[in-house]
């Protein structure tokens with residue numbers, strides 16, 4: 001099992017090496033005349049579906065080095081979420097630049113375990129365009145997710161991804177604790193046991 005974990009860590013590293021560096025993205029940010037304070041964070045609406053679906057497809061493809069992002073599929077999935085899951089159990093926070101372009105998003109879901117009334121959070125998706133990563137924007141987006149869950153009485157959160165995702169390093173920097181299977185393998189899952197503590201620590205780092 002240690003070998004499997006080692007192999008996935010190497011795969012994750014190789015994918016991450018294809019991402020722009022922090023210095024490169026900070027330079028691009030300056031060239032665009034943007035600062036971290038020039039972005040707004042707001043809830044997604046049905047009117048955002050075309051651009052949100054496009055952003056979802058592109059950021060997913062960038063994350064996993066996939067070709068031909070399926071924009072129509074992602075747009076359909078978001079349309080379905082707004083139409084069929086309109087029960088207040090999920091939210092989507094967008095990152096928008098001054099040109100009103102979407103550059104990132106995060107989707108959170110609230111769930112209850114069978115036979116329990118206690119609520120838990122699921123960070124279902126969090127993505128930024130590659131040119132906007134490693135500059136602090138992801139931390140801000142993550143803080144909005146924590147604040148939203150806490151405002152709804154949710155005190156802990158899970159994230160279930162895949163171990164090859166280069167964003168695993170980000171999840172761990174945000175305080176996520178790795179979840180291991182009974183066989184000792186890491187399959188991409190994380191847990192935040194106390195969102196208030198995580199938020200307090202994160203806000204200290206942001207400020």
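General remarks:
- The set of residues in the range 92-134 that are modelled with pLDDT of 95 or more, out of contact with any strand residue (DSSP E or B) (no Cβ under 7 Å at 6 or more places or on another chain) and more than 17 Å from residue 170 (Cβ to Cβ) comprises 98, 99, 100, 101.
- Of the residues 99, 201, 112, 125, the single one that is surrounded by fewer than 19 Cβ atoms within 10 Å (Cβ to Cβ) and over 30 Å from residue 24 (Cβ atoms) is 112.
- With respect to the conditions (1) within 25 Å of residue 29 (Cα to Cα); (2) in contact (Cβ under 8 Å) with a residue 60 or more places away in the chain, residue 183 lacks only one, and its number is (1).
- Identity of the residue in the range 171-180, surrounded by 19 or more Cβ atoms within 10 Å (Cβ to Cβ) and either part of a helix (DSSP H, G or I) or without any contact (Cβ under 8 Å) to a residue 24 or more places away in the chain (or both), that ends up nearest to the chain's Cα centre (by Cα): 171
- One residue from 55, 29 being modelled with pLDDT of 95 or more and closer than 30 Å to residue 156 by Cα: 55
The values are calculated or read from the model by the stated rules, or taken from the named source; none is laboratory data. All figures in this text were calculated on a predicted structure; none of them were measured in a lab. Please note: Cβ atoms are built from the backbone with ideal geometry, for glycine as well, and neighbour counts cover all protein chains shown.
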